[in-house]
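What follows is a short report on a single structure.
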Amino acid sequence: MSLAPALRTFTALTPRQLLSITHLFADEPRLASFADADGDDSGRRWYQLARTSRVQVWGIYWPAGSATGWHDHGEASGAFLTVSGTLTEHWWRSGEQVRQQRPGVGRPFTAAHIHNVRNTSSEPAISVHAYSPVLDSMTRYDLRDGDLWVTGVDRDGDDW
């Protein structure tokens, strides 16, 4: 039996599969170079580690105090894994929820997931993120009066 027909119709990976991919990239040598890049700790930095027609993998460096702001991932499901340091994820499910992610802890999520990931510690952190289908937009939100309000849509990747 040939798998080729099934693979042609398969378009997106599941959140659990994406979490497995983040673990595969946790030892990526390019992640270590984030901390040394120009000695600049003024903001998050990201690097695309891999991309196919079905999945995209990013490494992100988080200086102390950095955050993504509230956002979703458009049509993409995803997963992220904290490689070093500690990240705090604030996510929205009938109100704000919070959890800490220490090294080795990952989080899979569907396209409906809205969150704000923060490095609230005094040390930098590094994480790996995987998305499927490939990330092509992010809706931004603002938390006001206990609810999330859409503030815009990023389509170019400059603010990811």
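The values are calculated or read from the model by the stated rules, or taken from the named source; none is laboratory data. None of the values given here were measured: they were computed from a predicted structure. Backbone-built Cβ (ideal geometry, glycine too); neighbour counts: all protein chains shown. All accessible areas refer to the heavy atoms of the entire protein, side chains included, with ligands and DNA or RNA removed. Shrake-Rupley method; radii C 1.70, N 1.55, O 1.52, S 1.80 Å.
Taking the mean number of other Cβ atoms within 10 Å as a proxy for protection, how do you rank 88-101, 52-65, 127-140 from highest to lowest?
On the way: 88-101: 13.5, 52-65: 18.8, 127-140: 21.1.
The most tightly packed comes first, giving 127-140, 52-65, 88-101.
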Requested in this report: Would you kindly work out the equivalent ellipsoid of the chain from its C-alpha gyration tensor and give its semi-axes, the square roots of five times the eigenvalues, largest first in whole Å?
Outcome: 25, 21, 14
Requested in this report: Could you give log10 I(q)/I(0) at q = 0.11, 0.13, 0.18 Å⁻¹ for the range 67-160, computed by the Debye formula over C-alpha point scatterers of equal weight, without solvent?
Outcome: -0.30, -0.42, -0.83
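So if R0 is 35 Å, what FRET efficiency would GLN48 and SER121 give, r being the distance between their Cβ atoms, rounded to the nearest 0.05? Can you show the working numbers first?
Numbers: r = 25 Å, r/R0 = 0.72.
Here the calculated transfer efficiency is 0.85.
Quote the Stokes-Einstein diffusion coefficient, in whole µm² s⁻¹, for the range 109-160, based on the Kirkwood radius over alpha carbon pairs, a temperature of 37 °C and a viscosity of 0.692 mPa s. Don't jump to the answer; show the numbers that get you there.
Working: Rh = 13.3 Å.
Once the numbers are plugged in, D ends up at 246 µm²/s.
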Query raised in the report: Remind me, what semi-axes does the range 82-123 give for its equivalent ellipsoid, largest first in whole Å, using sqrt of 5 times each Cα gyration tensor eigenvalue?
Result: 19, 12, 7
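So with the 1.4 Å probe, I'd like the accessible area per residue for the chain, rounded to whole Å². Present the calculation step by step, with values, prior to reporting the outcome.
Working: 8490 Å² over 160 residues.
Solvent-accessible surface per residue comes out at 53 Å².
Considering only protein heavy atoms and a probe of 1.4 Å, how much of the accessible area of the chain is carbon and sulfur, as a whole percent?
On the way: 4330 of 8490 Å².
Carbon-and-sulfur percentage of accessible area, whole number: 51.
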Query raised in the report: So what is the relative contact order of the chain, in percent, for Cα pairs below 8 Å that sit 6 or more residues apart?
Result: 28 percent
Requested in this report: Please tell me the relative contact order of the range 84-160 in percent, rounded to the nearest whole number, where contacts are Cα pairs under 8 Å and at least six residues apart.
Outcome: 27 percent
Query raised in the report: Using helices alone, what [θ] at 222 nm do you get for the chain, with -39,500 (n - 2.57) per DSSP H run of 4 or more residues, divided over all residues and rounded to the nearest 500?
Result: -2500 deg cm²/dmol
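Say R0 is 22 Å: what FRET efficiency, to the nearest 0.05, do ARG144 and ARG99 get from their beta-carbon distance?
Values: r = 23 Å, r/R0 = 1.03.
Calculated transfer efficiency: 0.45.
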